[in-house]
1. Please label the shape of the stretch 149-189 as rounded, prolate or oblate, based on the square roots a ≥ b ≥ c of the eigenvalues of the alpha-carbon gyration tensor (a/c under 1.5 means rounded; beyond that, a/b larger than b/c means prolate, else oblate).
2. With +1 on the Cβ of every Lys and Arg and -1 on the Cβ of every Asp and Glu, and nothing else charged, how large is the dipole of the stretch 1-103 about its Cα centre, in debye rounded to the nearest 20?
3. Taking the Cα centre as origin and putting +1 on Lys and Arg beta-carbons and -1 on Asp and Glu beta-carbons, what dipole magnitude results for the stretch 9-235, to the nearest 20 debye?
4. Please name which of LEU44, PRO22, TYR56 has its Cα lying farthest along the dipole of the stretch 10-63 towards the positive end, using unit charges on Cβ (Lys, Arg +1; Asp, Glu -1) and the Cα centre as origin.
5. When the helix-only estimate is applied to the chain (DSSP H runs of n ≥ 4, each -39,500 (n - 2.57), divided by the residue count), what is the mean residue ellipticity at 222 nm, nearest 500 deg cm²/dmol?
6. Just to check I understand the Karplus step: with θ = phi - 60° and J = 6.51 cos²θ - 1.76 cosθ + 1.60, what whole-Hz values come out for the stretch 140-146, glycine and proline as x?
7. Could you check the simple spin-label distance between MET217 and ALA183, using points 7 Å along Cα→Cβ, in nm with one decimal?
8. Considering the dipole of the stretch 9-235 built from charges on the beta carbon (Lys and Arg +1, Asp and Glu -1) around the Cα centre, which of TRP71, TYR107, TRP163 is farthest to its positive end?
Amino acid sequence: MMSYNFTDHYDKTFLLKNMMGPNAMRIAEELDASLNICPDMRLLDLGCGCGLSTIYYAENYPVDIIAADLWISPTDNYRRFVERGIDKRVTPIHIDATESLPFAERYFDLLISIDAYHYFGCDEMMLKKLTPHIKSGGKIAVVVPGLKKDFNDDIPDELKPFWQENMNLFSCDWWQTLWQKEAGIKIDCCREMDCCEAAWADWLACPNPYAQNDIKMMAAEGGNYFNLVMIIATAL
Ligand SMILES: C[S@@+](CC[C@H](N)C(=O)[O-])C[C@H]1O[C@@H](n2cnc3c(N)ncnc32)[C@H](O)[C@@H]1O
């Protein structure tokens with residue numbers, strides 16, 4: 001397997017240009033260790049952004065991937081996939097996950113969603129809507145920025161200048177409780193990712209103005225509150 005290496009010059013330049021949050025390629029690599037990806041599987045990368053996780057999986061496995069996103073155009077993603085030589089096996093599409101989904105039932109072996117699901121999946125309805133599109137025995141693997149412990153409206157003083165209601169940051173327990181309500185899945189694991197600190201550090205090294213804005217917030221946070229929550233479930 002090709003090993004992801006942030007110090008590699010080409011990859012580093014490419015990553016700094018295309019990261020949209022905590023380093024999705026690093027996250028995809030750790031997630032990979034908990035997924036049994038096999039040749040010819042069909043993957044949905046939901047909220048793929050600039051396609052970093054799509055690229056990671058397409059470069060490491062002979063699988064077919066639908067790379068679906070709302071804000072990033074399929075044309076821009078297609079150019080990136082051509083540049084990386086994975087365009088034959090990856091289909092970029094525009095999607096709004098809150099609208100009806102253009103997929104057949106039981107179509108995907110694996111759904112991954114990195115740093116995107118908290119924008120649209122913080123209620124019971126989203127999982128109920130997505131699950132029928134996953135084959136029985138297939139996996140749903142989501143990683144979201146979250147919290148080590150829920151604040152429950154008690155926002156720490158040092159974070160108040162940065163806090164916004166729509167950040168949708170919750171603990172592993174919060175996500176597990178939400179997903180346990182879905183009868184069509186069985187939760188395999190829900191835990192903090194080992195790469196949490198490194199993935200955030202990679203993001204803060206980006207010239208992207210959003211990353212530069214996050215530097216003060218992450219300094220105030222000081223490693224005490226934020227998390228990267230990983231949830232993997234099997235479709236029944
Ligand atoms: C912070 S970016 C992360 C992108 C990418 N997964 C990564 O980690 O680099 C969040 C992504 O969620 C996508 N997103 C937000 N709301 C969405 C929705 N309703 N349907 C599909 N994608 C959505 C955005 O288009 C955006 O690319």
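Laboratory data are not the source of any read-out in this text; all were calculated from the coordinates shown. In this text, all values refer to a predicted model and were calculated from it rather than measured experimentally. Glycine also receives a Cβ, built like all others from the backbone with ideal geometry; neighbour counts cover every protein chain displayed.
1. prolate
2. Using Cβ point charges on Lys, Arg, Asp and Glu, the stretch 1-103 gives about 220 debye.
3. Charge dipole, the stretch 9-235, about its Cα centre: 580 debye, nearest 20.
4. Among LEU44, PRO22, TYR56, the one farthest towards the positive end of the dipole of the stretch 10-63 is PRO22.
5. -9500 deg cm²/dmol
6. Whole-Hz 3J(HN,Hα) from phi for the stretch 140-146: 10, 10, 10, 10, 10, x, x.
7. Going from the MET217 label point to the ALA183 one covers 3.8 nm.
8. In the stretch 9-235, that residue is TYR107.
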